[in-house]
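The values are calculated or read from the model by the stated rules, or taken from the named source; none is laboratory data. These figures come from a predicted structure and were not determined experimentally. All Cβ positions, glycine included, derive from the backbone under ideal geometry; neighbour counts span all protein chains shown. The protein model used for the area step is the full one, side chains on, heavy atoms only, and it has no ligands, DNA or RNA in it. Shrake-Rupley method; radii C 1.70, N 1.55, O 1.52, S 1.80 Å.
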Amino acid sequence: MRYIKPTILISKCLGFDACRYNGKLIYDPFIEKLRKYVDFIPLCPEVEIGLGVPRKPLKVVIENGKKKLYQIESKKHYTRKLRAFSNKNAKVFANIDGAILKSRSPSCGLRDVKIYSSAYDSIPISKGSGLFAEYLLKMNPAIPCEDERRLNNIRIREFFLIRIHLSSLFRTVKKKASIHSLTKFHNEYKLLFLLYNESRVRKLDRIIEKAEKKSVKSVNSSYEAVMNELLSHRPTYNSWCKVFSYSFVFVSDKLSSQEKKNFLELIERLKKREISLSVPRALLYQWAIRFDEKNLLNQRVLRPYPPSLDQIDI
């Protein structure tokens with residue numbers, strides 16, 4: 001199984017530079033262990049728009065129904081500079097496979113940033129995204145994007161790893177610009193896609209079936225649009241159990257009654273969220289190797305990212 005290193009945009013303060021507003025650097029064990037598996041692009045939008053380190057804090061305020069980035073100490077708005085910086089780097093942001101941003105940051109926070117009705121209010125009126133995070137997702141709404149705190153959740157982390165590796169592989173498919181490469185990608189991800197939405201998988205099937213009648217660029221574009229719709233929601237644990245049970249059919253007749261019983265017990269435990277996805281996934285893959293079951297060995301659902309990442313323990 002081949003893996004292409006994903007390119008990940010990351011807030012620079014998360015282990016790359018002491019550029020927080022208070023001059024601190026944040027150590028995150030997951031990000032540290034992820035370094036050898038991805039190509040990081042560290043970035044601090046606040047430093048990029050000319051703010052120093054350390055610096056007086058920024059606030060997100062609502063003025064005339066629009067978000068603004070304001071610094072009380074200097075009485076300056078930085079909204080326009082941040083938007084200009086984001087637009088200038090739009091091409092870079094269009095070619096990343098995911099992003100890990102600093103939680104609660106007025107520029108980078110994804111969903112937990114305090115928002116105020118004015119710069120001088122001390123009580124926030126709501127919570128939402130920081131301005132840079134908002135611009136980034138408007139430019140590239142399909143990219144998997146999380147903050148470092150949410151990635152401590154095993155389930156969220158697992159789906160993030162699946163998405164960034166899928167994205168990096170699909171980028172190489174687009175570069176090759178061949179129907180053969182797209183078909184191979186589709187066949188490898190077929191079972192994994194079934195986790196998300198069966199009707200959209202059928203749409204992808206039809207795109208592949210009619211691919212020879214259209215240009216490669218057009219086919220890739222149509223395929224990507226449907227794929228992004230399919231990936232817009234995380235699959236449930238029940239969906240995983242169904243796909244694992246379907247995969248089990250390929251090897252079950254070669255197993256002992258005790259092995260079958262053990263696997264079915266694992267599926268029940270997975271439904272109750274007592275174990276991680278990696279447990280039945282690893283077992284199925286071992287059986288696929290043991291019985292040389294190519295119908296499973298070629299499926300990304302059993303190896304969606306480098307298996308050593310399953311060993312990351314936070």
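At a glance:
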| item | result |
| --- | --- |
| Percent accessible area from carbon and sulfur atoms, the stretch 9-97, protein chains only, probe 1.4 Å | 49 percent |
| Restricting the stretch 217-283 to GluC sites (Glu not before Pro) in coil, as DSSP defines it, with at most 12 other Cβ within 10 Å | Glu274 |
| For the chain: accessible area per residue (Å², 1.4 Å) | 50 Å² |
| Whole-number percent relative contact order across the stretch 122-222, with pairs defined as alpha carbons under 8 Å at least 6 apart | 19 percent |
| Most mobile of Lys24, Lys294, Lys174 in a GNM of the chain (Cα contacts under 10 Å) | Lys294 |
| Long-range amide H partners of Cys145 with built H, under 5 Å | Ala99 |
| By accessible area with a 1.4 Å probe, ligands and nucleic acids excluded, highest first: order of Val53, Val249 | Val249, Val53 |
| The chain: equivalent-ellipsoid semi-axes (sqrt of 5 x gyration tensor eigenvalues, Cα, Å) | 41, 23, 17 |
| Rg and Dmax of the stretch 255-296, Cα atoms only, in Å | 10.9, 31 |
| The stretch 1-73: relative contact order in percent, alpha carbon pairs under 8 Å with at least 6 residues between | 29 percent |
| Degrees separating the helix 79-88 axis from the principal Cα axis of the chain, which is the longest one | 40 degrees |
| The chain, relative contact order [Cα under 8 Å, separation at least 6], % | 15 percent |
| 21 Å tail of the calculated P(r), the stretch 42-147, as % of Cα pairs | 31 percent |
| Sparsely packed GluC sites (Glu not before Pro) within the stretch 63-149, loop by DSSP, other Cβ within 10 Å at most 16 | Glu73 |
| Cα Rg, Dmax, the stretch 14-92, angstrom units | 14.9, 45 |
| Cα long-axis angle, helix 198-209 against the chain (0 to 90 degrees, to the nearest 10) | 80 degrees |
| Accessible surface of the stretch 226-283 [probe 1.4 Å, protein heavy atoms]: carbon and sulfur percent | 50 percent |
| In degrees, nearest ten, helix 179-194 long axis to first principal axis of the chain (Cα) | 90 degrees |
| Cleavage-rule hits (chymotrypsin sites (Phe, Trp or Tyr not before Pro)) in the stretch 227-314: DSSP loop, at most 15 neighbouring Cβ within 10 angstrom | Phe291 |
